[in-house]
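Engineer: Structure in structure tokens, see below.
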Amino acid sequence: MNILIVDPFFSGSHKQWVKNYGRFSSHEVQALTLPGKFWKWRMHGGAVTLARRFNESDFCPDLLLFTDMLNVNTFLSLTRKRTSGLRTAIYFHENQLTYPVSQKDTDLLYNRDRHYGFINFTSALACDSVFFNSEFHRQSFFRALRQAHQNYPDFKESDSVVRLEKRSRTLYLGLDLQRFDESKIETQNEVPILLWNHRWEYDKDPDAFFRVIDELIHRGIRFELVILGENTGNPPPSIQNAAARYGRRIRHIGYLQNARDYGSWLWKSDILPITSRQDFFGISIMEAVYCNCTPLLPRRLSYPELFSELEGEGLFYNTLGELTETLANLLMNRKLPGYANIAAQFDWEKMAPLYDRIFTTL
């Protein structure tokens, strides 16, 4: 079976998803992509460029698999001579109806961001099948979509939302986790290490993370910090100033391009306190958990779904106060069992055959 993935935002998790599915799949998987930047322009103009490239190519797909950053209707209209009889599907890594908007976004002044959610909606309508990377993501998308339709003056087409939901389903991400095996380290830290391994952006809420860190320091609890993740441009001051503020407590700070170096710090770290306000799946968390780092998770977003086994382990919290108390107890008692099995089920070695079967049935 020939599958063409069309993704106008080819970076980060999107890039890894495309490349690794192609590597592990039994199908012939090719990709049409654009660099992952200028996301709003990609949602408007990316389809035009990718449609031209598709028309110029000689690859004959059996299935067109789009990602959520593409305006599918524009792409299909510009390629109709070649795509009119093809099966189509869209995979939602994120969506613009429920993704939290940065307060620095100037489009807020003009109330323009609603249009990107509408592109997501009409793109899904144009596809035969719709996939989401978690059930939390799927349900939150359709809740927001029904609410958005209440703002339209007439011809709301509410039935279209019902039909769309019926042909949607959850298909969890595949992850290349076995790559971390070669950097595995068996060690017991004299001083426990707390890990941050997410993008340096507002939606991961580093401000809340460092408020907890400050409270632990105030209590005189011993720990060290490893701060990984990509600095995507203009991070919140709390993480931008972390090196100067926490000094010798920091074992490492900064993005690591090399997988072995990144993996070695995951294996060395002990506890992963999560404060994120947005996560449709949680790739960086799964990577750390695979490397035996114990997560502390807010009882929201996709976490109760994906880490349900931890519900009885006392590793979920409702407030930052609860997070602080649980983290303080873990740091002092050092009883840190591993939960690598939770993450291992999403390795591509297991997920790729599932993807292949599902796409074949389409």
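FYI, it's all coordinate maths here, none of it is from the lab. Being a predicted model, the structure only gives us computed values, none of them experimental. Here Cβ is always computed from backbone atoms with ideal geometry, including for glycine, and neighbour counts include all displayed protein chains.
Engineer: What is the ratio of the Cα radius of gyration of the chain to 2.2 N^0.38 Å, where N is its residue count, to two decimals?
Structural biologist: Taking the Cα Rg and dividing by 2.2 N^0.38 Å, one obtains 1.04.
Engineer: Straight-line reach from LYS335: which lysines have Cα under 23 Å away, leaving out those fewer than 8 places along the same chain?
Structural biologist: LYS184, LYS268
Engineer: While we're here: Can you find, among PHE118, TYR91, ALA352, the residue farthest towards the positive end of the dipole of the chain? Put +1 on the C-beta of Lys and Arg, -1 on that of Asp and Glu.
Structural biologist: Among PHE118, TYR91, ALA352, the one farthest towards the positive end of the dipole of the chain is PHE118.
Engineer: Another question, then. Within the chain, what's the longest run with no chymotrypsin sites (Phe, Trp or Tyr not before Pro) in a DSSP loop and at most 14 other beta-carbon atoms within 10 Å? Give the range, please.
Structural biologist: Answer from the scan: 256-362.
Engineer: If you don't mind, another one. Taking 0.36 nm per intervening residue step and subtracting the Cα-Cα distance, what contour gain separates HIS252 from ASN55 on full extension?
Structural biologist: 66.2 nm
Engineer: Let me spell out the model: positive unit charges on the Cβ of Lys and Arg, negative unit charges on the Cβ of Asp and Glu, origin at the Cα centre of the chain. What dipole size does that give, in debye rounded to 20?
Structural biologist: Charge dipole of the chain: 660 debye, to the nearest 20.
Engineer: Hey, got a sec? Which trypsin sites (Lys or Arg not before Pro) in the range 314-362 land in a DSSP loop and have at most 13 other Cβ atoms within 10 Å?
Structural biologist: The qualifying sites are ARG334, LYS335.
Engineer: Sticking with this one: Could you calculate the contour length gain from VAL191 to GLU157, that is, 0.36 nm times the residue separation minus the distance between their Cα atoms, to one decimal place in nm?
Structural biologist: 6.4 nm
Engineer: Same structure again: So how strong a dipole does the range 115-223 carry about its Cα centre when Lys and Arg Cβ are +1 and Asp and Glu Cβ are -1, to the nearest 20 debye?
Structural biologist: Here the range 115-223 has a charge dipole of around 360 debye.
Engineer: For LEU32, enumerate residues with amide H under 5 Å from its amide H, sequence gap 5+ or separate chain, H modeled in the peptide plane.
Structural biologist: It is ILE5, VAL6, ASP7, by chain and number.
Engineer: Ok, one more. For the range 148-276, just say rounded, prolate or oblate: build the C-alpha gyration tensor, square-root its eigenvalues into a ≥ b ≥ c, call rounded for a/c under 1.5, and beyond that prolate if a/b exceeds b/c, oblate if not.
Structural biologist: prolate
Engineer: Looking only at the range 141-177, which residues have a backbone nitrogen under 15 Å from a spot 7 Å from the Cα of LEU354 in the C-beta direction?
Structural biologist: 169-177
Engineer: Looking only at PRO237, PRO295, PRO153, which one moves most when the chain is put into a Gaussian network model with springs between Cα atoms under 10 Å?
Structural biologist: PRO153
Engineer: Another question about this same structure. Along the three principal axes, how long is the range 1-58 when you take its alpha carbons, biggest first, rounded to the nearest angstrom?
Structural biologist: In descending order, the Cα extents are 34, 27, 11 Å.
Engineer: Another one. Looking at this model, which pairs from LYS37/LYS156; LYS15/LYS204; LYS156/LYS204; LYS37/LYS350; LYS81/LYS350 are more than 29 angstrom apart at the alpha-carbon?
Structural biologist: LYS37/LYS156; LYS156/LYS204; LYS37/LYS350; LYS81/LYS350
Engineer: Out of ILE221, ILE283, TYR255, whose Cα points farthest toward the positive end of the dipole of the range 178-344 (charges: +1 Lys, Arg; -1 Asp, Glu; placed on Cβ)?
Structural biologist: The Cα lying farthest towards the positive end belongs to ILE221.
Engineer: Would you list the P(r) distribution for the range 178-344, with all Cα-Cα distances sorted into 10 Å bins from 0 and each bin expressed as a whole %?
Structural biologist: Each 10 Å bin holds this share of Cα pairs: 10, 43, 40, 8.
Engineer: May I ask you to compute the full-extension gain from ASN234 to SER26, defined as 0.36 nm times their residue separation minus their alpha-carbon distance, rounded to one decimal in nm?
Structural biologist: 70.8 nm
Engineer: Rounding to the nearest 20 debye, state how big the charge dipole of the range 178-344 is about its Cα centre with +1 on each Lys and Arg Cβ and -1 on each Asp and Glu Cβ.
Structural biologist: The dipole of the range 178-344 has a size of about 480 debye.
Engineer: Turning to a different aspect of this structure: Counting Lys and Arg as +1 and Asp and Glu as -1, what is the net charge of the other residues whose Cβ lies under 13 Å from the Cβ of GLY338?
Structural biologist: Here the charged neighbours net out to -2.
Engineer: Place a point 7 Å from the Cα of ALA340 along the Cα-to-Cβ direction; which residues of the range 187-229 have their backbone N under 18 Å from it?
Structural biologist: 187-189
Engineer: For LYS19, list the aspartates and glutamates whose Cα falls under 13 Å from its own Cα; do not include residues on the same chain fewer than 8 positions away.
Structural biologist: Result set, ordered by chain and number: ASP7, GLU28, ASP176.
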